[in-house]
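Before any comments, here is the structure.
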Amino acid sequence: MKSAVETLSPTRAKLTVEVPFEELKPSLDAAYKKVAQQVNIPGFRKGKVPQAVLDRQGYRTFALDEAVNDVLPKKYIEALQENGLEPLAQPEIEVTKFEDNEALEFTAEVDIKPEINLPAYEGIEAEVEEVSLSDEDIDTQVEALRERFATLNEVEREAADGDFVTLDLAARQNDEIVEGAEVSGMSYKVGRGGMLDGLDEALAGMKAGDEKTFESELVGGDLVGEQVFVTVKVTQVQEQELPAFDDEFAQLASEFDTADELREDVRERLGRGKRLEQAAAARDAVLETLLGQVEIPLPETLVADELNARRENVEQQLAYAGLSMEKYLEDEGQTIEEFEADLERRVRDAVAAQFILDEVAKKEELGVDQAELSEHLVRRAQQAGQDPQEFANHMFEHNHIPDLVQEILRGKALAAIVEGAIVKDAAGNVVELKNLRPDGSIGEPEAEVAEADAEVADEA
């Protein structure tokens, strides 16, 4: 087989492949056997019809076509490997020349992974915001904990912010109740928001037994975004009574004996969460810095496909949340043009990042073992809300395991880059990343751990 490659662009190549007729012979013989098993010719048993007889019966063309269809994918892959190309999509293959007993010639145009000149990524510098933990942050968490153990007491006064009301709701359009827009006996915290525009304002001043109608916009259903008249009736008003934050509460709500210990635990947990948020910001900042140091040509077909997939995902999530795109853009303060531009920028950065991480994984000779793959499968199944075994079976049946392996390798590559980076906060403090544990705590440096293990071994 002979092959030649023509570079159409940094991300697209055209292969020209010539296959001698002799190399089609095994596939041609297999095609004749297949035909012999399927045809009925007087005087011959199935599967025993000679090739010459099949040719006289007109099956030569069929056998040749079968042979070509069998050979093409194999020779295409051989040509890719021979020329060191990594395809990113299905090729456009065209048979340019083929006659009986003559060489097969075909071309294949395909999007390919671009060549990347990796910049030095050891010691990349980036900056993130400083971790700040205020008493107000702790107070907010303590207040949320107290609310979990709060009691509700019925009152006869007007509803106020923070009260819980039991209410009936019905939305009408053209004096008819909108299907699916009627509820009764629903509990709602006044001032919470996020349900219907105008509901909190309508509830202000209402007591049990009061009824009021206001105009609003539906946020779900077939009439999402349309104006309706909503009638709300309050059947009960309850006041929330929070328990005192004292030692008795600490013993009730936690494993701690005193309120001071519980508050300190809240501070510690919030601090770990803040460190994890800072680490995520550091990861993004490091990757963004690396992206700014190299120009990567991107296959436009790949970008377009990813852009469409992400757009559809956003639309599905909005539909699930009962929001229209118009309402979402209004809440975000964006125009559709700004939304599309931001989405395209993020897609291009994501595709470029994948190319970079793939190269880093190759350079660092990173690998994936069975335990890592199994752990990743379980985690992905949990994220999708599926049974791990069923998820794994689906991945194997549809040949998605290579994609999962690539995900793991990219994660390892990014971790290697981030751990070797120099990240500081706005105050100039170095952000600890290498020894950060998954729970947000800081572990001992590997060298210290090894030294401690050695001491234990010596004592033993």
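The values are calculated or read from the model by the stated rules, or taken from the named source; none is laboratory data. These figures come from a predicted structure and were not determined experimentally. No Cβ is skipped: glycine too gets one built from the backbone with ideal geometry, and neighbour counts run over all protein chains shown. Only protein heavy atoms, including side chains, enter the accessible area calculation; ligands, DNA and RNA are left aside. Shrake-Rupley method; radii C 1.70, N 1.55, O 1.52, S 1.80 Å.
Once you charge only the Cβ atoms, +1 for Lys and Arg and -1 for Asp and Glu, what is the size of the charge dipole of the stretch 298-428 about its Cα centre, to the nearest 20 debye?
Working: 13 positive and 29 negative charges, 80 e Å.
Magnitude of the dipole: close to 380 debye.
Multiplying the sequence separation of residue 53 and residue 33 by 0.36 nm and subtracting their Cα-Cα distance, what value in nm do you get? Could you put the intermediate results ahead of the total?
On the way: separation 20, 0.36 × 20 = 7.20 nm, distance 1.26 nm.
That pair, residue 53 and residue 33, stretches by 5.9 nm at full extension.
Which residue, 319, 9, 101, has the largest displacement toward the positive end of the dipole of the chain when charges sit on each Cβ (Lys, Arg +1; Asp, Glu -1)?
Going by the Cα projections, it comes out as 101.
Rg (Å, one decimal) plus Dmax (Å, integer) for the alpha carbons of the stretch 400-443?
Answer for the stretch 400-443, Rg first and Dmax second: 13.8, 45 Å.
What does a probe at residue 6 reach in the stretch 99-136, counting residues whose amide N is under 12 Å from the point 7 Å along Cα→Cβ?
107-109
Tilt of helix 401-419 relative to the longest C-alpha principal axis of the chain, in degrees (0 to 90, nearest 10)?
Long axis of 401-419 versus the principal axis of the chain: about 60 degrees.
If a/c stays under 1.5 just call it rounded; otherwise compare a/b with b/c (prolate if a/b is bigger, oblate if not). Do that for the stretch 50-176, with a ≥ b ≥ c from the square roots of the Cα gyration tensor eigenvalues. It would help to have the intermediate numbers written out before the result.
Working: a/c = 5.28, a/b = 2.21, b/c = 2.39.
Oblate, since a/c reaches 1.5 and b/c is not below a/b.
Full extension from residue 212 to residue 150: what is 0.36 nm times the residue separation minus their Cα-Cα distance, to one decimal in nm?
Numbers: separation 62, 0.36 × 62 = 22.32 nm, distance 2.90 nm.
Separation in residues times 0.36 nm, less the Cα-Cα distance, equals 19.4 nm.
Could you tell me which of the pairs 46/97; 274/327; 189/212; 113/424 are separated by over 23 angstrom between their Cα atoms in the structure shown?
Numbers: 46/97 33 Å; 274/327 31 Å; 189/212 17 Å; 113/424 34 Å.
Exceeds cut-off: 46/97; 274/327; 113/424.
Can you tell me the relative contact order of the stretch 72-125? Whole percent, Cα pairs under 8 Å, sequence separation 6 or more. Don't jump to the answer; show the numbers that get you there.
On the way: 46 pairs, mean separation 16.7, N = 54.
Worked out over the stretch 72-125, it gives 31 percent.
Just one of (1) 21.9; (2) 29.7; (3) 22.7 is Kirkwood radius over Cα pairs in Å as worked out from the coordinates here. Which one is it?
After the calculation, the listed value that fits is (2).
Could you calculate the FRET efficiency of residue 370 with residue 256 from 1/(1 + (r/R0)^6), where r is the beta carbon distance between them and R0 is 45 Å, rounded to 0.05? Display every interim value, and only then the final one.
On the way: r = 42 Å, r/R0 = 0.92.
That pair, residue 370 with residue 256, gives E of 0.60.
Solvent-accessible area per residue for the stretch 131-186 at a 1.4 Å probe radius, Å²? If you can, show how the numbers build up before the last one.
Values: 3690 Å² over 56 residues.
Using a 1.4 Å probe on heavy atoms only, each residue of the stretch 131-186 averages 66 Å².
Could you tell me which of 237, 388, 121 has its Cα farthest along the dipole of the chain towards the positive end, charges placed at Cβ (Lys, Arg +1; Asp, Glu -1), taken about the Cα centre?
388
Can you tell me the orientation of helix 388-397 relative to the chain, as the angle in degrees between its alpha-carbon axis and the longest Cα principal axis, to the nearest 10?
Taking the Cα atoms of the chain, the angle to 388-397 is about 30 degrees.
Would you kindly calculate the translational diffusion coefficient of the stretch 1-112, applying Stokes-Einstein with the Kirkwood radius from alpha carbon pairs, for 20 °C and a viscosity of 1.002 mPa s, and quote it in µm² s⁻¹ without decimals?
On the way: Rh = 15.4 Å.
Diffusion coefficient, whole number: 139 µm²/s.
I need the trypsin sites (Lys or Arg not before Pro) found in the stretch 35-136, filtered to DSSP loop residues with at most 12 other beta carbons within 10 Å of theirs. Don't skip to the end; give the middle numbers.
Values: sites: 45, 46, 48, 56, 60, 74, 75, 97; in loops: 45, 46, 48.
Hits after loop and neighbour filter: 45, 46, 48.
When the chain is fully extended, how far beyond the present Cα-Cα distance does residue 336 get from residue 424, taking 0.36 nm per residue of separation? Could the numbers behind the result be given before it?
On the way: separation 88, 0.36 × 88 = 31.68 nm, distance 3.58 nm.
Full extension from residue 336 to residue 424 adds 28.1 nm.
Counting only protein heavy atoms, what percent of the accessible surface of the stretch 148-219 is carbon or sulfur at a 1.4 Å probe?
Working: 1840 of 4370 Å².
About 42 percent, which is the carbon plus sulfur part of the accessible surface.
Counting only heavy atoms of the protein chains, get the accessible area per residue of the stretch 247-291 (1.4 Å probe) and round it to a whole Å² value.
Working: 2570 Å² over 45 residues.
That works out to 57 Å² for each residue.
Return the calculated 222 nm mean residue ellipticity for the chain, to the nearest 500 deg cm²/dmol, obtained by summing -39500 (n - 2.57) across DSSP H runs with n ≥ 4 and dividing by the residue count. Walk me through the numbers on the way to the answer.
Numbers: 14 runs with 218 residues, N = 460.
Calculated at 222 nm, the ellipticity per residue is -15500 deg cm²/dmol.
Starting at the first residue of the stretch 135-144, write each ³J(HN,Hα) from the Karplus equation 6.51 cos²θ - 1.76 cosθ + 1.60 with θ = phi - 60°, in whole Hz, x for Gly and Pro.
Residue by residue, the stretch 135-144 yields 4, 5, 4, 5, 4, 4, 5, 5, 5, 5 Hz.
For the chain, what relative contact order do you get, as a whole percent, if you take Cα pairs closer than 8 Å and at least 6 residues apart?
Numbers: 605 pairs, mean separation 71.7, N = 460.
Here the relative contact order equals 16 percent.
Obtain the nm distance between the two label points defined at residue 241 and residue 363 by a simple spin-label model: each point lies 7 Å from its Cα along the Cα-to-C-beta direction.
6.6 nm
Across all directions of projection, what mean area in square nanometres is found for the Cα convex hull of the stretch 235-312? Before the final figure, lay out the partial values.
Numbers: hull surface 46.7 nm².
Orientation-averaged projected area of the Cα hull: 11.7 nm².
Compute the relative contact order of the stretch 107-259 as a whole-number percentage, counting only Cα pairs closer than 8 Å that sit 6 or more residues apart in sequence.
Worked out over the stretch 107-259, it gives 26 percent.
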